[in-house]
1. Just need a number here: residues in segment 53-66 that are out of contact with any Asp or Glu (no Cβ under 8 Å at 6 or more places or on another chain) and open to solvent by less than 40 Å² (accessible area, probe 1.4 Å).
2. Is one or more of the residues making up segment 34-56 part of a loop (DSSP other than H, G, I, E, B), touching a Lys or Arg at 6+ places or on another chain (Cβ under 7 Å) and closer than 18 Å to L67 by Cα?
3. Taking the residues in segment 32-52 that are in contact with an Asp or Glu (Cβ under 9 Å, 6 or more places away or on another chain) and at pLDDT below 85 as candidates, determine which candidate is surrounded by the most Cβ atoms within 10 Å (Cβ to Cβ).
4. I'd like the full set of residues that are over 14 Å from A104 (Cα atoms) and either in contact (Cβ under 8 Å) with a residue 40 or more places away in the chain or outside any loop (DSSP other than H, G, I, E, B) (or both), limited to segment 79-92.
5. Could you please give the count of residues in segment 67-113 that are surrounded by fewer than 17 Cβ atoms within 10 Å (Cβ to Cβ), modelled with pLDDT of 85 or more and within 14 Å of P38 (Cα to Cα)?
6. Could you run through segment 1-31 and say how many residues are part of a loop (DSSP other than H, G, I, E, B) and surrounded by fewer than 17 Cβ atoms within 10 Å (Cβ to Cβ)?
Amino acid sequence: MRAEIATIIDGLLAASEASREVSLDAIGDAIGARAITPDEIDAIITALESAGRHVATPAGGDGEKHLHAVLAAIRDLAPSLGRRPSIAEIAARSGLAEGDVRHALSLAKIMQR
């Protein structure tokens, strides 16, 4: 893990010590304009959850849950396909609708800024 990612995680853990909750917005703000990969976003969320934090999405949203499923599907499919999987392939592997996959990928792009 890059030191930059570890620093983001440490900051989010410190800021959420009392509430034990980290919003996706807080993750996006912590990432800021840094260029990070979907795998690094997954690593941030996984590290936060492993440390006992709840990663919160806006009311009614399943963004975090969908993002996890999409990233897992991409990790599973890419090696066997030898390329980045299509929206349809990700949807089929994750069990999500194609619109939910697109939304999760958009969320990842926003978080990569």
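The values are calculated or read from the model by the stated rules, or taken from the named source; none is laboratory data. Since the structure is predicted, the reported quantities are computational estimates derived from the model, not experimental observations. Positions of Cβ are generated from backbone atoms using ideal geometry, with glycine treated the same way; all protein chains shown enter the neighbour counts. With ligands, DNA and RNA removed, areas are computed over all heavy atoms of the protein, side chains included. Shrake-Rupley method; radii C 1.70, N 1.55, O 1.52, S 1.80 Å.
1. Residues meeting the conditions: 3.
2. Of the residues in segment 34-56, the ones part of a loop (DSSP other than H, G, I, E, B) are 34-37, 51-53.
Cutting the leftovers down to touching a Lys or Arg at 6+ places or on another chain (Cβ under 7 Å) gives us 52-53.
Those still in the list that are closer than 18 Å to L67 by Cα too: 53.
Looking through segment 34-56, at least one residue is part of a loop (DSSP other than H, G, I, E, B), touching a Lys or Arg at 6+ places or on another chain (Cβ under 7 Å) and closer than 18 Å to L67 by Cα.
3. Going through the qualifying residues, I end up with I36.
4. The first filter runs over segment 79-92 and keeps only residues over 14 Å from A104 (Cα atoms), leaving 79-85, 89, 92.
Residues satisfying the conditions are P79, S80, L81, E89, A92.
5. Number satisfying all stated conditions: 5.
6. First, the residues of segment 1-31 that are part of a loop (DSSP other than H, G, I, E, B): 1-2, 16-20.
Subset that is surrounded by fewer than 17 Cβ atoms within 10 Å (Cβ to Cβ): 1-2, 17-20.
Here the count works out to 6.
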